[in-house]
Amino acid sequence: MTPRELIDATLKPFAGVTQIDLVGHSMGGLVIRAWLRAYQADARIGRYRVDVENFESIHNHSAWARIERD
């Protein structure tokens with residue numbers, strides 16, 4: 001199942017809801033980010049902000065990624 005299909009299936013029971021807060025940790029954050037990128041042009045998606053932290057064990061530091069739309 002692709003990230004888009006996974007979140008689509010998860011959100012299906014919430015059709016008509018005007019706001020949903022998604023919280024994901026580690027891989028969950030990456031899945032949410034991939035889903036938002038797939039739906040960027042969808043009029044149902046308003047504002048969002050996604051911060052994802054990945055611990056880089058090889059380099060002994062964390063890497064951050066952020067996407068957002070107001």
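The values are calculated or read from the model by the stated rules, or taken from the named source; none is laboratory data. Being a predicted model, the structure only gives us computed values, none of them experimental. Methodologically, a virtual Cβ is constructed for each residue, glycine included, from the backbone with ideal geometry; neighbour enumeration extends over all protein chains shown. Ligands, DNA and RNA are stripped out before the accessible areas are found, and what is left, the full protein with its side chains, is counted by its heavy atoms. Shrake-Rupley method; radii C 1.70, N 1.55, O 1.52, S 1.80 Å.
Structure values in brief
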quantity: 5 Å-binned pair-distance histogram of the chain (Cα, whole percent); calculated: 3, 14, 25, 25, 16, 8, 5, 3, 1
quantity: MRE, 222 nm, helices only [DSSP H, n ≥ 4, -39500 (n - 2.57), over the chain, to nearest 500]; calculated: -9000 deg cm²/dmol
quantity: Between 0 and 90°, nearest 10: helix 27-38 axis offset from the chain longest Cα axis; calculated: 50
quantity: Inter-label distance, nm, simple model (7 Å from Cα along the C-beta direction), W64/E5; calculated: 3.5
quantity: For the chain, built as a Gaussian network whose Cα springs stay under 10 Å, the top-fluctuating residue of G16, G46, G29; calculated: G16
quantity: Candidates V17, V52, V31: whichever shows maximal mean-square fluctuation once the chain is modelled as a Gaussian network with Cα springs under 10 Å; calculated: V17
quantity: Region 23-68, accessible area per residue, ligands and nucleic acids excluded (1.4 Å, Å²); calculated: 76
quantity: DSSP loop trypsin sites (Lys or Arg not before Pro) with at most 11 other Cβ within 10 Å: longest gap in the chain; calculated: 1-43
quantity: Cβ-defined net charge surrounding Y48, 14 Å radius [Lys, Arg +1; Asp, Glu -1]; calculated: +2
quantity: DSSP bridge orientation in the chain - percent antiparallel, rounded to nearest 5; calculated: 100
quantity: The chain, relative contact order [Cα under 8 Å, separation at least 6], %; calculated: 26
quantity: With eigenvalues of the C-alpha gyration tensor scaled by 5 and rooted, region 19-59, Å; calculated: 24, 11, 8
quantity: Cut-off under 5 Å, modelled amide H: who pairs with I67 long-range; calculated: V50
quantity: Local net charge near V17, Cβ-Cβ under 15 Å (Lys/Arg +1, Asp/Glu -1); calculated: -1
quantity: Of the chymotrypsin sites (Phe, Trp or Tyr not before Pro) in region 1-54, those whose Cβ has at most 16 other Cβ within 10 Å and which sit in DSSP loop; calculated: Y39
